[in-house]
Amino acid sequence: GGASPRHAAPRCTFMGAQPMDLDESDLLFEEDILRNAYSLKYWWRYMEAKKRSPARQRNLIAERALKYLPGCYKIWHAYLADRRAQCKAKEPGHPAHARLNAVYERALVYMHKMPRIWLDYLEILAAQHAHTTTRRAFDRA
């Protein structure tokens, strides 16, 4: 018969990235990050290099970076701006808006003293006509 699943080659992952999410050009970035997971410089280079990649891939890299650097304003700010841009063309009520709001809520756990993040979030909530949510967010801000 076929090969037993017990003897199948293990699937390699790079710090949370699935093999199908990576391409040849990612390997150098992934190697740098393996050695320097807590360095903004290497995550930032990776994020900058992937600016034209599909949204799913950009989001994955930013989420991974934030696991190591959850208090990094620079990564949160760039990631939130990217997520906002991804929602811009979506109609009201689209699930992407709820996902964006959830990312903002997570950002505010770490960035609650950063007025720019609050202002952007409040503007987004107001544009979604989420009146109660907007009012509650204003109360927290």
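Here, each number is a calculation from the coordinates, and none is a lab measurement. Being a predicted model, the structure only gives us computed values, none of them experimental. Using ideal geometry, Cβ is built from the backbone for each residue, glycine included, and neighbour counts are taken over all protein chains shown.
In summary, the aspartates and glutamates within cross-link reach of K51, defined as a Cα separation below 14 angstrom excluding same-chain residues under 8 places away, comprise D26, D82.
Evaluating 6.51 cos²θ - 1.76 cosθ + 1.60 at θ = phi - 60° for every residue in the stretch 121-134, the Karplus couplings come out as 5, 4, 5, 5, 4, 4, 5, 7, 6, 8, 4, 5, 4, 5 Hz, glycine and proline recorded as x.
Magnitude of the charge dipole for the stretch 26-115, about its Cα centre and with charges confined to Cβ atoms of Lys, Arg (+1) and Asp, Glu (-1), is about 200 debye.
Rounded to the nearest 20, the Cβ-based charge dipole of the stretch 21-74 about its Cα centre (Lys and Arg +1, Asp and Glu -1) stands at 340 debye. The lysines whose alpha-carbon is closer than 17 Å to the alpha-carbon of K67, local same-chain residues fewer than 8 away aside, are K41.
The phi-based Karplus calculation (6.51 cos²θ - 1.76 cosθ + 1.60; θ = phi - 60°) puts the 3J(HN,Hα) values of the stretch 27-36 at 4, 5, 5, 4, 5, 4, 5, 4, 7, 9 Hz, whole numbers, x for Gly and Pro.
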